2 protein chains.
Amino acid sequence: MAEKLIVIGGTAAGLSAASKAKRVKPELEIQVFEKSGYISYGACGLPYFVGGMIAEPDDLVAVNAETMRNKRGIPTWIHHEVTSINRGEKTVAVKNLDTGEERIHPYDKLVIATGAVPAAPPIPGIHSEGVYYLRTVEDGIRLKATVQREAKSAVIIGGGFIGLELAEELTLSGVSVTIFEQLPRLLPFLDPVFSQSVLENLERHGVKVHTGTGVAEILTQDGRARWVRTPQGETLETDFVLVSAGVKPASGLAGQAGLTLGLKGAIVVDDEMRTSDPDIWACGDCVQMKQLITGEPVYVPLGTTANKQGRIAGGNVAGGHDTFKGVLGSTVTKVFEQYIASTGLSLEQAQAAGYQAVSTMITKMDRASYYPGGRDNQICLIFDRKTGRLLGAQGIGSESIAGRINVLATAITCGMTVEAVNELDLVYAPPVAPVYDPILIAASQAVKKVEKQVK
Amino acid sequence: MAEKLIVIGGTAAGLSAASKAKRVKPELEIQVFEKSGYISYGACGLPYFVGGMIAEPDDLVAVNAETMRNKRGIPTWIHHEVTSINRGEKTVAVKNLDTGEERIHPYDKLVIATGAVPAAPPIPGIHSEGVYYLRTVEDGIRLKATVQREAKSAVIIGGGFIGLELAEELTLSGVSVTIFEQLPRLLPFLDPVFSQSVLENLERHGVKVHTGTGVAEILTQDGRARWVRTPQGETLETDFVLVSAGVKPASGLAGQAGLTLGLKGAIVVDDEMRTSDPDIWACGDCVQMKQLITGEPVYVPLGTTANKQGRIAGGNVAGGHDTFKGVLGSTVTKVFEQYIASTGLSLEQAQAAGYQAVSTMITKMDRASYYPGGRDNQICLIFDRKTGRLLGAQGIGSESIAGRINVLATAITCGMTVEAVNELDLVYAPPVAPVYDPILIAASQAVKKVEKQVK
């Protein structure tokens, strides 16, 4: 009888795992169960769907269930929630959310790709109508309908990526946005100078930002969120509230099944993405992973990582021994015309990890000074002042900052020193970069702070 | 008595050397002699000056002679040509081109940064009036005056970077441009598919391109270029001719002084940029350098390299022992909306260097498919199919291709395999990149061609 693989979760990690496993071992009998009504959707595109740049939910969907079934030979079920895992019997209980019917499915191998769920801060009123999250397509559809019902004002609790991207999109839709960030600054993994720049950019576009101030209470009218009250007692009227206060791993099923959980409750896996049960793999936003530089466990849920881990888990389910080397946490976001990117360790993280970490920051135009249309790129490098090893990099500026941070992510991955970065042979043409690329300017500044010049 | 340093040549390499030497050893008595009327100009900006995007020659100048003298303490003389080097006496003869006066200057140390001169193909009529090059600011001023005298048509001989950039600028100025490239395709270091794409892009914008066809003769009227004749006997009328057929090292002075010359007559230097005379260093477009991957001597004149080498030579003149590790030959150019970038070895170069080189090419959008405004990026990777080592990379597409090729240049510098590139943790957001960056798509294709999977 054919070996049975069940995959729980039909977005990035789950579908990558299922597809890879099928490619490597076509005789595998695979089924994918997805709780929501959509598979394979680009969750990172939801702010642009809400803002209207993307018209239909289906535009966010890369592969639908029909294609999975007919083209890839992988029956994939939406509105099917796995409600429990029985490791002894090697079965899962699956509930059809449309009919309420529950069935038991046997498995030989299991992949858990249940993702993450938005964190809900313990604020009175947080569970009211009119309080939104933005994680699933259904979340997006609900929020978009609200925005289109002539919403004039919005409060965003938390200044995460989704919150900032949505602040942009709502502002462009004519909604007046106020952000409350409990921490002293936005995107606190960034250098304080960069956090300030992000704040000023938002304010320049009319977004009101309160840092160091959470929301004490959400007040309702007819059961619907209508005001927020600050700890200082001020109240602010709003048409709706969006919560963007981070996510937590959706590891309830795994926990109930007795699998080992780690940081923030994320599922513990080895480098081959195998859980504490040898027949169960897990991947994506529900797992704990290894920081590439320090080797320490971290919880860094990212779409890029989810896809890679899914592919690795799928290959290993099919008999491979591929390993996930670790995560740098490379990210980028666009807020109006400002692009914000980072990779590796922040200064605080690097110091906490025991490095003699220091940082340096430069500002340099992204093209030759005489070529029109240039914009400043600001780059911050975090490095060890004893060895010169590059540990982290952050950048703010034009779209090209993304490529520059990718260069530095590559350098970090290879263990380069700032001296070696300073010698990189990078491309140059007046419309694209200055003759000394901002990366090289940053590295040459950093070299001066390295204690013992290696060269 | 203070040690005397004379620097011959006042552009990228020469001024970098002089400035660095002065910073490290302020007591050095430095003089810079520059033959032309401009120092420190961005030669790569000349096409945009001719096209009118940059108004004044001085806009291309980063530092003028006055600043060099007064702020940096380095007397710098324009219109001063070094006519000979007497290594026995340790003097140079310098002619003031404004007065005709010639003087002998003693030196303790000498830096030769004489750059390169445009190659003039042996075509009858090539020395006529109305035949232009574009290397110096004076060249640019002359050419711009001609374009502005209501030129309607231009013939460009050679399809180098300057030729293509100028084809863009002239077309945008309303001049009808015809390019004759003797080689079978444009930019022959590129994959043939990319060369074809560059050609089609030019033609789409109305530039006429003849490949595999040189110009047999330039015909004149009243001593001025007026027609070109092809080997097939066709003649084409034109208002002027521009020659963009590469450059050759300006090593005449060095050769006459008996310094060792290498490839194409470029000055041979060691890793510390020292010539065969221990008191003479050379740097920039006049020297032979080392290919970073193969270690073999190459002649790859680039502004980025010239600046770096100048800084190294200057530091070493002042007592340092910094080394130039080698050149990858990373380049980028913009032709209308198309950006063309490359780094490392071409397939032919890699095979000639003894690698079991193969290549792979992919096309992938530069942002999430659902985010508006995305453009295709095409990436070609050249790698060793035995070891998987990345040897070269080329890309065509939107501006972001520059950053992607820089990532791959960094990977090549670190000796990464395509497997390792495939695991890179790169940034992702829908407006900036797809979840699998084109780099990763290219690497994952390449991995399939590697014979013995390392993992």
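Only the coordinates and a few stated rules stand behind these numbers; no lab work does. Values in this document were obtained by computation on a predicted structure and should not be read as measured data. Every residue, glycine as well, gets a Cβ built from its backbone with ideal geometry; the counts of neighbours run over all protein chains shown.
Here the dipole of chain A is about 820 debye; that uses its Cα centre as origin and unit charges on the Cβ of Lys and Arg (positive) and Asp and Glu (negative). What shape does chain A take by its C-alpha gyration tensor, where a ≥ b ≥ c are the square roots of the eigenvalues and a/c under 1.5 counts as rounded, a/b above b/c as prolate, and the rest as oblate? Judged from the Cα gyration tensor, chain A comes out oblate (a/c at least 1.5, b/c at or above a/b). Cross-linked pairs A:449/B:325; A:449/B:71; B:4/B:25: Cα-Cα separations exceed 18 Å for A:449/B:325; A:449/B:71.
Let me know the shape class of region B:405-455, please: from the alpha-carbon gyration tensor, a ≥ b ≥ c as square roots of the eigenvalues, rounded when a/c is under 1.5, otherwise prolate if a/b is greater than b/c, or oblate. Cα axes put region B:405-455 in the oblate bin. Here is the list for region A:20-74: trypsin sites (Lys or Arg not before Pro) lying in DSSP coil, each with at most 14 other C-beta atoms within 10 angstrom of its C-beta, are A:71.
Note on the protein assembly as shown: with charges restricted to the Cβ of Lys and Arg (+1) and Asp and Glu (-1), its dipole about the Cα centre is near 1340 debye.
Projecting 7 Å from Cα along the Cα-to-Cβ direction, the label point of residue A:2 sits 8.5 nm from its equivalents in the other copies, listed shortest first. Label region A:341-447 by shape, choosing from rounded, prolate and oblate, from the square roots a ≥ b ≥ c of the eigenvalues of the Cα gyration tensor; if a/c is under 1.5 it is rounded, and otherwise prolate applies when a/b is larger than b/c, oblate when it is not. Judged from the Cα gyration tensor, region A:341-447 comes out prolate (a/c at least 1.5, a/b above b/c).
Computed from backbone phi, the HN-Hα couplings of region A:16-32 come to 4, 5, 4, 5, 5, 4, 5, 5, 6, 9, x, 6, 4, 9, 10, 10, 10 Hz, rounded to whole numbers (Karplus: 6.51 cos²θ - 1.76 cosθ + 1.60, θ = phi - 60°; Gly and Pro given as x). Whole-Hz Karplus values for region B:113-128 come out as 9, 8, x, 10, 10, x, 6, 10, x, x, 10, x, x, 5, 9, 6 Hz, taken residue by residue from phi with 6.51 cos²θ - 1.76 cosθ + 1.60 and θ = phi - 60°; glycine and proline positions read x.
For residue B:372, inter-copy separations between label points set 7 Å beyond Cα along the Cβ vector come to 2.5 nm, shortest first.
For the peptide A:371-383, the mean number of other protein chain Cβ atoms found within 10 angstrom of a residue's Cβ is 1. For residue A:74, the residues whose amide H sits under 5 Å from its own are A:69, ignoring neighbours fewer than 5 places away on the same chain, with H placed 1.01 Å from N. Close amide-amide hydrogen proximity is noted between residue B:247 and B:119, each under 5 Å apart and 5 or more residues distant or on a separate chain (H modeled in the peptide plane; Pro and chain starts excluded).
Between the residues B:263, A:125, A:31, the greatest Cα displacement towards the positive end of the dipole of the protein assembly as shown, with unit charges on the Cβ of Lys, Arg, Asp and Glu, is found for B:263. Closest approach of any chain B Cβ to the axis that rotates B onto A belongs to B:403, 1, distance given in whole Å. By the beta carbon rule, with partners counted only under 4.7 Å, chain A holds these lone Cys residues: A:44, A:283, A:286, A:380. The residues A:58, B:271, when put in order of fewest to most other Cβ atoms within 10 Å, stand as A:58, B:271. Sorting A:193-206, B:395-408, B:104-117 by their mean Cβ neighbour count within 10 Å, with the most densely packed peptide first, gives B:395-408, B:104-117, A:193-206. Each copy carries a label point for residue B:386 at 7 Å from Cα along the beta-carbon vector; from one copy to the others these points are 4.0 nm apart, nearest first.
Divide the volume of the convex hull around the Cα atoms of the protein assembly as shown by the residue count and you get 182 Å³ per residue.
Here the contact order of chain A, divided by its residue count and restricted to Cα pairs under 8 Å and six or more residues apart, works out to 13 percent. Ordered by the count of other Cβ atoms within 10 Å of each Cβ, fewest first, B:389, B:103 give B:103, B:389. When B:165, A:272 are arranged by Cβ crowding within 10 Å, least crowded first, meaning fewest neighbours, the order is A:272, B:165. Summarised as an ellipsoid, region A:88-144 has semi-axes of 32, 15, 12 Å, derived from the eigenvalues of the Cα gyration tensor scaled by 5 and square-rooted, with the largest first. Based on C-alpha pairs under 8 angstrom that are at least 6 apart in sequence, region A:341-447 has a relative contact order of 32 percent. The relative contact order of region A:131-245, computed from alpha carbon pairs under 8 Å that lie at least 6 residues apart in sequence, is 34 percent.
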